[in-house]
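Trainee: Pasting in a structure now, in structure tokens, and then I'll have a few things to ask.
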Amino acid sequence: MPRTPARISVDPLPPQEALAFWRGKVPVTPEAFRAMTDAARTRAFAVSGMARLDRVAALQTALADALEKGESLATFKGRIGDILQEQGWSGNAWRVENLFRTNVQQAYQAGRYAQQRATVQDRPFWQYDAVGDRRTRPSHAALDGMVYPADHEFWNANYPPNGFRCRCGVRSLSRRQVEREGLTVRRDMPGPTVWTDPATGMEHFVAMPGADRGFAVNPGRDWLAGLAPGPLDDGAVAFPPALVLCRRGGPDRK
């Protein structure tokens, strides 16, 4: 009689580096955050428009739980429903999504940075990876595929996330991979360029490729250097002024 194969269930492991990064933050009110020095701000978590410290702390805990359990946005919103109602944010879906995605992505990327630094001897080159769909900002898409040494200053200002809800990532490469794929290792910082949308053929002049205003930092690097991670606003502020001009009259992307 044939034996029925055993079923193996593998539960995903929580991102330990990302959790350690996130739990190193200290919740503060926006007022306290504004009064801090730059060094102190790297150790704080503040939410724009949220003055009560207990709510800030509750949101930080909720985000930590979301990281540990791999929660979806919908589940996260359900768990913080009372806070959203008290803040009057229940109908502001964009704000809540921005709070969730930007902060979770920052924690994941800080954890990823820690992992890549641990293997830098074997994989000393990093490649910028933009998602490349219609939601990708031209200023980020212009960096797609660029390869820099892991210790290059480029990564001090352009290690993702590089904006609210940024989904870019970084791929680590060995020397052999760089040679086999015929990649060019850059030394100069990126400058103004023209990026062509492969889907539409539309050309975009990108004055400043890279991180959006307020995101030209690398929290993972500061964390590994002995500093707690930097705070992220919840995205209630407006996006920075557009740095992208469309040559053929198409709308700028967010």
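What follows is calculated from the coordinates using simple rules that are stated; it is not laboratory data. Please read these numbers as outputs of a predicted model, since none were measured by experiment. Glycine gets a Cβ as well: all are built from the backbone with ideal geometry, and neighbour counts include every protein chain shown.
Trainee: Return the sequence-ordered ³J(HN,Hα) values of the stretch 61-72 in whole Hz as given by the Karplus equation 6.51 cos²θ - 1.76 cosθ + 1.60 applied to θ = phi - 60°, using x for Gly and Pro.
Mentor: For the stretch 61-72, the Karplus curve yields 5, 4, 5, 5, 5, 5, 5, 5, 9, x, 6, 7 Hz.
Trainee: The stretch 142-232: Rg/Rh from Cα coordinates, Kirkwood Rh? Write down the numbers at each step before the final one.
Mentor: Numbers: Rg = 14.7 Å, Rh = 14.8 Å.
My calculation puts Rg/Rh at 0.99.
Trainee: Taking only the alpha carbons of the stretch 28-175, what extent do you get along each of the three principal axes, in Å, biggest first?
Mentor: That works out to 53, 37, 29 Å along the principal axes.
Trainee: Starting with the highest mean, order 78-88, 147-157 by the number of other Cβ atoms within 10 Å, averaged over the residues of each peptide. Display every interim value, and only then the final one.
Mentor: On the way: 78-88: 14.2, 147-157: 16.6.
Packing order, densest peptide first, comes out as 147-157, 78-88.
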